[in-house]
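**Q** Supplied in C-alpha cells, the structure appears directly below.
The values are calculated or read from the model by the stated rules, or taken from the named source; none is laboratory data. In this text the structure is predicted, and so the values were computed from the model without any measurement. In this analysis, Cβ positions are derived from the backbone assuming ideal geometry, glycine residues included, and neighbour counts consider all displayed protein chains.
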Amino acid sequence: MTDQEHNDQADTEAQGAPETEQAPNDVEALSAQVETLANALASAKEQTLRAQAEAQNSRRRAEQDIEKAHKFGQEKLVTDLLPVVDNLERALSSIDREAEANKPIIEGIELTLKSFLDSLARHQVVSLNPAGEPFDPQLHQAMTMVDNPDVEPNTVIDVFQKGYTLHGRLVRPAMVVVAKG
C-alpha cells in the first residue's frame, strides 16, 4: 500500500470510528426518547381513564340525586299531611259509637280516613304501628317505659302515635310505650 492509500484508509477509519461511537449514542438517545414517549402515553391513557371514570361517577351521582329528589321530594308534604290522619283517627276513637245519630258521622270519617290512607299508600307512604313488636330505636321513639311482666323487656306495649315511612325512609317515628326489663 502506498502512503496515500494508507492515509486515506486511516482517514476513513478515523471518520468511521466516531460514527460507530456516535451510532450507539444515537440509539441510546432514541431508546430513551421512545421510553419517555411510552411513559407519557401510558400516563395520558391513565388520565383519560380516570377522567372517563370521574365523568361516569358524576353522571351516576346526578342520576341518583334526581331519583332521590323524585322519591323524597314529597317528604315535607307528607309530614304536613300526617297530622290530618292523626286527627281523623282521634275523631274515630273519641266519638260515641253506640249513639245511633253518630253512625253516619262515623261512616263518613272512616271512609275519609280510608281514602286518605289509600292515597298515601299509592305514594309509598307506609304506616308503622309497632304494638307487640320489639322496640327499634331506628323506627320508634320511646315516650315512656312501664313495668309489665306479661311481655318481654323492650317490647312495644302501646302506641301513642303511629310512625310513617316514605319509600322506606323514616318520615316520623312511632311514639311508643315500651316494657321495662
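**Q** Restricting to region 161-181, count the residues that are surrounded by fewer than 17 Cβ atoms within 10 Å (Cβ to Cβ) and either within 22 Å of K76 (Cα to Cα) or modelled with pLDDT of 95 or more (or both).
**A** Initially, region 161-181 is screened for residues surrounded by fewer than 17 Cβ atoms within 10 Å (Cβ to Cβ), giving 167-170, 175, 180-181.
This time we only want the ones that are either within 22 Å of K76 (Cα to Cα) or modelled with pLDDT of 95 or more (or both), so: 167-170, 175.
So the count comes out to 5.
**Q** Only one of these conditions is not met by L111: (1) without any contact (Cβ under 8 Å) to a residue 12 or more places away in the chain; (2) within 29 Å of A174 (Cα to Cα); (3) outside any helix (DSSP H, G or I). Which number is it?
**A** The failed condition is (3).
**Q** Which condition number does A91 fail, the rest of (1) within 30 Å of E67 (Cα to Cα); (2) surrounded by 13 or more Cβ atoms within 10 Å (Cβ to Cβ); (3) hydrophobic (A, V, I, L, M, F, W, C) being met?
**A** Condition not satisfied by A91: (1).
**Q** Can you go through E152, E100 and tell me which one is charged (D, E, K, R), free of Cβ contacts under 8 Å to residues at least 40 places away in the same chain and either closer than 18 Å to A179 by Cβ or surrounded by 10 or more Cβ atoms within 10 Å (Cβ to Cβ) (or both)? Show your work before the answer.
**A** Details: E100 fails: either closer than 18 Å to A179 by Cβ or surrounded by 10 or more Cβ atoms within 10 Å (Cβ to Cβ) (or both).
E152 is the lone residue from the list that is charged (D, E, K, R), free of Cβ contacts under 8 Å to residues at least 40 places away in the same chain and either closer than 18 Å to A179 by Cβ or surrounded by 10 or more Cβ atoms within 10 Å (Cβ to Cβ) (or both).
**Q** Given the condition hydroxyl-bearing (S, T, Y), modelled with pLDDT under 90 and part of a helix (DSSP H, G or I), answer yes or no: does some residue in region 14-28 qualify?
**A** Among the residues of region 14-28, at least one is hydroxyl-bearing (S, T, Y), modelled with pLDDT under 90 and part of a helix (DSSP H, G or I), which makes the answer yes.
**Q** For region 115-122, check the following and say yes or no: at least one residue is modelled with pLDDT under 95 and assigned to a strand (DSSP E or B).
**A** No, the conditions are met nowhere in region 115-122.
**Q** Let me ask something else. Among the residues of region 104-144, what is the count of those that are of a type in the set (F, W, Y) and over 26 Å from Q74 (Cβ atoms)?
**A** Residues meeting the conditions: 1.
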